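Rule-based calculations on the coordinates, nothing more; no lab input. Just so it is clear, the model here is predicted, and its values are computed rather than measured. Ideal geometry is used to build each Cβ from the backbone, glycine not excepted, and the neighbour counts take in all protein chains shown.
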Amino acid sequence: MTAADPTPAPAATAPVTPAAGRRTLGVMLLLTVLSAVLVLTAAGRVWAEGRAGTLDVSVTGGRISELPGGLALVGLAAAVAVFAVRGAGRLAVGALTLLAGLGAAAASVVGASDTAALDSAASGKLALAGTTATEVSHTAWPWVALAGGLLLAAAGLITLRFGRGWPAMGSRYEAPTRKAPAKADTPGDLWKALDRGEDPTAV
């Protein structure tokens, strides 16, 4: 009688179930849409304001930098592309989404303290080149765009981690191939072929 081996067997890694794959896919899509809403909304709002002489001047996030809004749109396009690619293509889409999110976040941080666009707006107000805006202040909208960029980066990380197990456009989107009709040898075979939607008289 031999003694039992005290070494526990290694636990098997549980495969990702279709339900878990759909959940992570849903989270990725939700984060991508939410990030785009935050970034694009913030880009249309005032980020900096001040005065040019006696006139008030202000600039939106889109005027300061087009990067956050543009990269948010890249993230949306990448989320759609997830359904059209598999394998390494999914990893490439995830990496692109991650980089787009980080880029949008970085551009938002830089724009939070930018004054060049406001000075340009001040020069335009006074029609005098080299004018510098005074009493400059910044709003919280750049930080909203930052949050959106970070959410987009998180969507990219989720794609990199779980993307291989997500469903893709498969055979149900492809043109169906017609099966060769079965030969009808008897009246019963004829009726069965008709029930299946086949033409038993086809050659």
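Quick look at the numbers
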{"item": "Full-extension gain in nm, A95 to F83, via 0.36 nm per residue minus C-alpha separation", "result": "2.8 nm"}
{"item": "Cβ charges +1 (Lys, Arg) and -1 (Asp, Glu), total dipole of the range 41-178, debye", "result": "840"}
{"item": "Global form of the range 36-99, assessed from the alpha-carbon gyration tensor, a/c cut-off 1.5", "result": "prolate"}
{"item": "Whether the range 62-116 is rounded, prolate or oblate, judged on the alpha carbon gyration tensor where a/c under 1.5 counts as rounded", "result": "prolate"}
{"item": "Lys, Arg +1 and Asp, Glu -1 on Cβ, resulting dipole of the range 18-81 about Cα centre, debye, nearest 20", "result": "240"}
